[in-house]
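Peer 1: One structure, as structure tokens, below. Some questions next.
The values are calculated or read from the model by the stated rules, or taken from the named source; none is laboratory data. Every value quoted in this text rests on a predicted model; they were computed, and no experiment measured them. Counting neighbours? That spans all protein chains shown, and the Cβs are built from the backbone with ideal geometry, glycine included. The area values use the complete protein model at the heavy-atom level, side chains included, leaving out ligands, DNA and RNA. Shrake-Rupley method; radii C 1.70, N 1.55, O 1.52, S 1.80 Å.
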Amino acid sequence: MARDASILGIESSCDETAAAVVRNGRTILSSVVASQIDLHRKYGGVVPELASREHLRKIVPVVREALAGAGMALADVDAVAVTNGPGLIGALLVGVTYAKALSQAGAKPLIAVNHLEGHVRAVILEALGEGREPELPAVCLIVSGGHTVLYSVRAAAEGATEAVPFQYARLGQTRDDAAGEAYDKVAKMLALGYPGGPVIDQLALHGDPAAIRFGEPKMKGNPYDFSFSGIKTAVLYHLRKHPELEPEIRRRRDALGEKRLRAQELLPLCGRHTLNLVASFQRAVVSDLVSRTLASAEQWASRSVLVSGGVAANRELRETFESESARRGIKVFFPSRALSTDNAAMIAAAAYPRLLAGELTGEELNAEAVLPLA
Ligand code: KG4
Ligand code: ZN
């Protein structure tokens, strides 16, 4: 039986300030996420300087709230875990510096966690919470606004999934934009607001996904690499070829201002052509993500597919993965919305096997903007 331990996790790699307490790598005692989305909306993307400043404002109250939510004081946790990369350097430094201070003040072990490993553990955490155990080896697709990367995941030792360290190998990654970035950029071109993913996801339901054909990205080399800048450019060219869509885009831009409009509010402002365009865009992105991921799972004889990151919330992505993986006899696992986007429960969960293995860090810990998982 693995050691009983409650870990305080801290995450500040991008635009979410988050803290959580997780017991034994599988039970979430508290999870607090302060999103900065409203702050960055008017810029149509995350502004690094603003993000760091907001993390500085939020980190203390967010950690306090997470401890209070777990009914604990710093003295009661067994370790402090923090994301040390990859991400925005100034944003990461806020979490890393604060975690170091807490670890020193409370004489608690400090554990550094790679943000990407956090996303992998988020899926495991959710599945275990539902009494489902993803069989390893697995293939994990991490797909968000910052990442689109495919890893093989295997257990490095015998033992309970939440307690054993994992070994990773990178099977493929995007050569240009992340999938979520493509959603956000297309939403910007069409004046659908920020972030673009959730709105496009909803609007796509009202369009014909076969109306506009976007060719598959043609790439030499690794068949498990992704590319999304081509489809983004294809949408741009489509708009140039159809200037009749301009007045509609202007109308939406005026209605939006710096606000956020829900899909139901945007729907009456979108004509059939636009709805077909977003549905076709989404179909192209989803087909590409699903086909490359499942092909890699088959090639590496994986028993499970794990899908994580903000884009994992996508309705069509989930449905397509469910149906396509069932056909191939592979099980697919998604986290809930709360665990698919950036959070600190996944960081605390990822730290548990490291604590058990004695993989600690200390005063020397630094933030790393670029930090490959494998
Ligand atoms: O993981 P996340 O919260 O932050 C990082 O990028 O690390 O992911 C945010 C990204 C944004 O690009 C957003 O547009 C996208 O995830 N997203 C979605 C959906 N919900 C969020 N993309 C497609 N469909 C969705 N339902
Ligand atoms: Zn993330």
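Peer 1: Conditions: (1) within 22 Å of the chain's Cα centre (by Cα); (2) open to solvent by 40 Å² or more (accessible area, probe 1.4 Å). Gly193 meets all but one. Number of the miss?
Peer 2: Single failed check for Gly193: (2).
Peer 1: Shifting gears a bit: Go through the residues of region 224-235 one by one and say whether even a single one is within 27 Å of Lys42 (Cβ to Cβ) and touching a residue at least 60 places away in the same chain (Cβ under 8 Å).
Peer 2: Yes, region 224-235 contains a residue that is within 27 Å of Lys42 (Cβ to Cβ) and touching a residue at least 60 places away in the same chain (Cβ under 8 Å).
Peer 1: Give me the pairs: first residue in region 15-26 and closer than 30 Å to Gly44 by Cβ, second residue at pLDDT below 95 and part of a strand (DSSP E or B), beta-carbon distance under 6 Å, and six or more apart or on different chains, which are they?
Peer 2: Glu16/Ser35
Peer 1: Mind checking which residues of region 213-258 are closer than 20 Å to Glu316 by Cα and open to solvent by less than 30 Å² (accessible area, probe 1.4 Å)?
Peer 2: Matches in region 213-258: Phe226, Ser227, Phe228, Ile231, Val235.
Peer 1: Okay, next question. Only residues in region 347-374 that are farther than 22 Å from Leu29 by Cβ count as the first member; pair them with residues that are in a loop (DSSP other than H, G, I, E, B) and among the aliphatic types (A, V, I, L, M), Cβ under 8 angstrom, at least 6 apart or cross-chain, and list the lot.
Peer 2: So the pair list comes out as Ala369/Leu88.
Peer 1: I'm trying to understand the selection: among the residues of region 290-336, which are more than 19 Å from Ala178 (Cα to Cα), assigned to a helix (DSSP H, G or I) and open to solvent by 20 Å² or more (accessible area, probe 1.4 Å)?
Peer 2: Once the filter is applied, which keeps residues that are more than 19 Å from Ala178 (Cα to Cα), assigned to a helix (DSSP H, G or I) and open to solvent by 20 Å² or more (accessible area, probe 1.4 Å), region 290-336 yields Ala295, Glu298, Gln299, Glu319, Thr320, Glu322, Ser323, Glu324, Ala326, Arg327, Arg328.
Peer 1: Same structure again: Could you check region 337-374 and list, in sequence order, the residues that are among the charged types (D, E, K, R) and assigned to a helix (DSSP H, G or I)?
Peer 2: Once the filter is applied, which keeps residues that are among the charged types (D, E, K, R) and assigned to a helix (DSSP H, G or I), region 337-374 yields Arg337, Arg354.
Peer 1: Here are Gly129, Gly106, Gly69: which of them is open to solvent by 10 Å² or more (accessible area, probe 1.4 Å), at pLDDT below 95, farther than 14 Å from Ser12 by Cα and away from ligand 2 (no atom under 15 Å from the Cβ)?
Peer 2: Numbers: Gly106 fails: at pLDDT below 95; Gly69 fails: at pLDDT below 95.
That would be Gly129, the only listed residue that is open to solvent by 10 Å² or more (accessible area, probe 1.4 Å), at pLDDT below 95, farther than 14 Å from Ser12 by Cα and away from ligand 2 (no atom under 15 Å from the Cβ).
Peer 1: Under the condition of being over 25 Å from Ala297 (Cα atoms) and polar (S, T, N, Q), which residue from region 337-374 is least open to solvent (accessible area, probe 1.4 Å)?
Peer 2: So the residue we want is Asn343.
Peer 1: Any residue in region 12-21 that is away from ligand 1 (no atom under 16 Å from the Cβ), among the β-branched types (Val, Ile, Thr) and in a strand (DSSP E or B)?
Peer 2: yes
Peer 1: Follow-up. Which condition from (1) touching a Lys or Arg at 6+ places or on another chain (Cβ under 7 Å); (2) assigned to a helix (DSSP H, G or I); (3) away from ligand 1 (no atom under 16 Å from the Cβ) is the one that Tyr98 breaks?
Peer 2: That leaves (1) as the condition not met.
Peer 1: Further question: Can we say Arg41 is surrounded by fewer than 20 Cβ atoms within 10 Å (Cβ to Cβ), within 24 Å of Arg260 (Cα to Cα) and away from ligand 2 (no atom under 16 Å from the Cβ)?
Peer 2: Yes: the conditions hold for Arg41.
Peer 1: Give region 132-178 a look and list any residue that's open to solvent by 30 Å² or more (accessible area, probe 1.4 Å), touching a Phe, Trp or Tyr at 6+ places or on another chain (Cβ under 9 Å) and touching a residue at least 40 places away in the same chain (Cβ under 8 Å), or say none. Walk me through it before giving the result.
Peer 2: At the first step, the residues of region 132-178 found to be open to solvent by 30 Å² or more (accessible area, probe 1.4 Å) are 132-133, 135-137, 145-147, 154-160, 165, 167-170, 173, 175-176.
From what is left, the residues that are touching a Phe, Trp or Tyr at 6+ places or on another chain (Cβ under 9 Å) are 132, 136-137, 145, 154-156, 168-170, 173, 175-176.
Across region 132-178, the qualifying residues are Arg132, Leu136, Pro137, Gly145, Tyr168, Ala169, Arg170, Gln173, Arg175, Asp176.
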